[in-house]
Amino acid sequence: MSGAAAHGSIGVLICDDDAGIRQMLRSVVELRPSLRAVGEAADGNEAVAQAARLQPDVILLDLAMPGRTGMESLPELRRVAPEAQIIVFSGFSMASVAEEAVELGAVLYLTKGADPDAINDAIEYAATRSSRTEVRFRSEP
């Protein structure tokens, strides 16, 4: 468990190119007192910079972003924020994409459309993990 999670508040960095999705995720995260949105990023380059600066406990990462995609950002995110657990939150629902994301460092893969409780449960689950050896793939209609 990294920094903020050890003190009862799980810091979440929200990375998605769609401002509406970022706002929705911020609202979802803030439904639980144990979670706190610590920052946002609109592309992969910004995600890496924010992760390095903020050292969040969990990173919610979209894959389809301009500039550097989420997939391209994963190895760098692992390097600049090694304690952060990365959850891919994407519109792609193919298992092969999820497998590639895990190979690059994600611990969970959620498809857009997951309900708020599933998102927050995933964040809390990821924040308590001490390793990145297991992945869960959730596809919601």
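No lab work stands behind these numbers, since they all come straight from the coordinates. Computed from a predicted model, the values in this text were never measured in an experiment. Ideal geometry is used to build each Cβ from the backbone, glycine not excepted, and the neighbour counts take in all protein chains shown.
Projecting the Cα atoms of Thr69, Val38, Gln23 onto the charge dipole of segment 3-138 (Cβ charges, centred on the Cα centre) puts Val38 farthest toward the positive pole. Residues Met94, Met24, Met71, Met65, arranged from fewest to most other Cβ atoms within 10 angstrom of their Cβ, appear as Met94, Met24, Met71, Met65.
Around the Cα centre of segment 3-138, unit charges on the Cβ atoms of Lys, Arg, Asp and Glu (plus for the first two, minus for the last two) sum to a dipole of about 280 debye. Going toward the positive end of the dipole of the chain, with +1 on Lys and Arg Cβ and -1 on Asp and Glu Cβ, which of Ala101, Pro116, Leu54 do you reach last? Positive-most Cα among the choices belongs to Leu54.
Between amide H atoms placed 1.01 Å from N, distances below 5 Å from Leu35 occur with Ile10, all of them 5 or more places distant or on a separate chain.
Averaging the sequence gap over all C-alpha pairs within less than 8 Å and six or more residues apart, then dividing by the number of residues, gives segment 14-141 a relative contact order of 22 percent.
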